[in-house]
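Inspection log for the structure reproduced underneath, given as structure tokens.
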Amino acid sequence: MPNILHITPHFGGGVGSVLRGLIDELSRIDGFEQEIVTFDFINEQSSEWAKKRGHRVKSEISPLSPELHAIVCAADIVHLHFWNHPLTYLFLQSFSGNKARVVMWAHCNGAHAPYLFPDAVLTFPQLFVTTSEYSAKTKNIASQPAEWRSAHLRNVTSRCDTADFLKITPEKHSGVVVGYVGTVDYCKMHRKSLDMLGAVSTPDVCFVVCGGDSHEVIQAEACAKGWGNRFDFRGKVSDVPAVLAELDIFAYPLTKKHYGTGEQVLVEAMAAGIPQVVLNNGPESYIVRNGVTGIVADGPEEFTRAIERLAADPKLRREMGENSRRHAAGQCSINKMVDEWNVIYGELLEYPKKECDFECSPYGAEMQDDPAVLLFLCSLVDREVQDIFKEAFSFYTRILPEICLQKLSSLQDIYFSQGKGSIHQYAQFLDSKKLRYLSKIMLELVDSNP
């Protein structure tokens, strides 16, 4: 009986819900054994799920562990769940030279740094699988030879189990409740999110915002703008169906250069029968059916008008909500995702195990003494961003000139996040004085520019 080894940086939120559904459904199919390895934590919900279902999990396993490498070599299929995480890159580098049969599933869209797909990542597995058809249009994939794309590129849209969401009964309430559930941080949300919602002029509209980790900071912004009584910031919530039952409209204003792909919460809102309003970004425009399940807005002003239109028209909300439920039930089924994975697993088993190769792009002799810095730069891919960091690293142990500080300050919000492939995350997980040095400087930049 072939065995599948799932490897993931950590096992937690949105991606965790997809993996739990996939692993559960696969466990009901005769023919596969499964094991799960995480480099970092497994959250309490996933840990309890694994115990209840009898799934084998090894958590907080070092990417450098000889035991792990032996398990990977022995597995019939290695299903590597990818996004920019320093421990994943450390594993790819340390496992290079060993033989395995690997399929990599990308849980980021690959359109913008620091969530691009380096060539070294694309060519590491036998099959590279995206979670959105949008990813095939991104620069680093579209520029690959047609022969490689035909032989090694696949797509399986990530889907969670929507059964519980399809059963949601809306709660009766006064007024119109507009909600957001997800990452409450400008590394993913649009910088004008508050303004887009606060500008809604339709009477009796209020906003529920769920998620972290910067919810308190953004809540303070809403209060400073005089909107404190219109916004209900709840932080991270454990019962998403209960939140969705309160909502009339699901508003999801993400920044243009966000890293998301499957955006499970949009599918969950669809299943709950809630019309969605999103901006015209790549991933969302592949999920929301404009004019059918929701509205895809071309910019901030249009986003506000879309909320106002839906808030003032209960009949339109009802029609789009009914369309959303039908679409989620028919096209967003987890069974469809599992069927697609069964095809890919069957294809992969026809391949012999191959020697895995991961080669960081060369960045000059001045970087060769710090492999962790090389991994960080490799993960960025974007040459302009790489050059900003390379220049800053070159002043290690010296005072950074003002021009370097200005370039660092100009980087988008995600580079200042504590996670999300930022230098802070790399400095946390990898042993490097240079990473810690520059991480400290970037923290000071945030403190000096609140």
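Scan Asp382, Asp370 and give me the residue that is closer than 22 Å to His85 by Cβ and more than 26 Å from the chain's Cα centre (by Cα). Full working, then the answer.
Numbers: Asp382 fails: more than 26 Å from the chain's Cα centre (by Cα).
It is Asp370.
Which count do you get for residues in region 255-269 that are in contact with a strand residue (DSSP E or B) (Cβ under 7 Å, 6 or more places away or on another chain) and outside any loop (DSSP other than H, G, I, E, B)?
3
For region 8-24, what are the residues that are in a loop (DSSP other than H, G, I, E, B) and either among the aromatic types (Phe, Trp, Tyr) or over 14 Å from Glu44 (Cβ atoms) (or both)?
Matches in region 8-24: Pro9 only.
May I ask you to say which residue of Val72, Val78 is of a type outside the set (Lys, Arg), surrounded by fewer than 23 Cβ atoms within 10 Å (Cβ to Cβ) and modelled with pLDDT of 95 or more?
Numbers: Val78 fails: surrounded by fewer than 23 Cβ atoms within 10 Å (Cβ to Cβ).
Of Val72, Val78, the one residue that is of a type outside the set (Lys, Arg), surrounded by fewer than 23 Cβ atoms within 10 Å (Cβ to Cβ) and modelled with pLDDT of 95 or more is Val72.
Just one of Thr183, Thr157, Thr169 is over 30 Å from Asp119 (Cβ atoms) and hydroxyl-bearing (Ser, Thr, Tyr); which is it?
Unique residue meeting the criteria: Thr169.
Listed residues Asn84, Asn43; which is among the polar types (S, T, N, Q) and surrounded by 22 or more Cβ atoms within 10 Å (Cβ to Cβ)?
It is Asn84.
All but one of (1) surrounded by fewer than 18 Cβ atoms within 10 Å (Cβ to Cβ); (2) touching a Cys at 6+ places or on another chain (Cβ under 7 Å); (3) closer than 26 Å to Phe95 by Cα hold for Pro352; state the number of the condition that does not hold.
For Pro352, the exception is condition (2).
Given the structure, is Leu92 touching a Phe, Trp or Tyr at 6+ places or on another chain (Cβ under 7 Å), assigned by TED's automatic domain parsing to the domain that holds Glu347, crowded, with 22+ Cβ neighbours inside 10 Å and closer than 27 Å to Ser132 by Cβ?
yes
Would you mind listing the helices (runs of 4 or more DSSP H) fully within region 334-397 where at least 1 residues are in contact with a Leu (Cβ under 7 Å, 6 or more places away or on another chain) and farther than 20 Å from Val78 by Cβ?
Working: elements: 334-348, 371-380, 383-393.
Qualifying helices (runs of 4 or more DSSP H): 371-380, 383-393.
For Arg326, indicate whether it is over 18 Å from Val205 (Cα atoms), of a type outside the set (S, T, N, Q) and surrounded by fewer than 23 Cβ atoms within 10 Å (Cβ to Cβ). Walk me through how you get there before you give the answer.
Details: over 18 Å from Val205 (Cα atoms): yes; of a type outside the set (S, T, N, Q): yes; surrounded by fewer than 23 Cβ atoms within 10 Å (Cβ to Cβ): yes.
Judged against the criteria, Arg326 is a match.
Counting only residues that are in a loop (DSSP other than H, G, I, E, B) and either without any contact (Cβ under 8 Å) to a residue 40 or more places away in the chain or touching a Gly at 6+ places or on another chain (Cβ under 8 Å) (or both), how many does region 311-333 have?
If we filter region 311-333 for residues that are in a loop (DSSP other than H, G, I, E, B), which is where we start, we get 312-313, 332-333.
Pick out the ones that are also either without any contact (Cβ under 8 Å) to a residue 40 or more places away in the chain or touching a Gly at 6+ places or on another chain (Cβ under 8 Å) (or both) and you get 313.
Of the residues in that region, 1 qualify.
The values are calculated or read from the model by the stated rules, or taken from the named source; none is laboratory data. From a predicted model like this one, the values you see are computed outputs, not experimental measurements. Here Cβ is always computed from backbone atoms with ideal geometry, including for glycine, and neighbour counts include all displayed protein chains.
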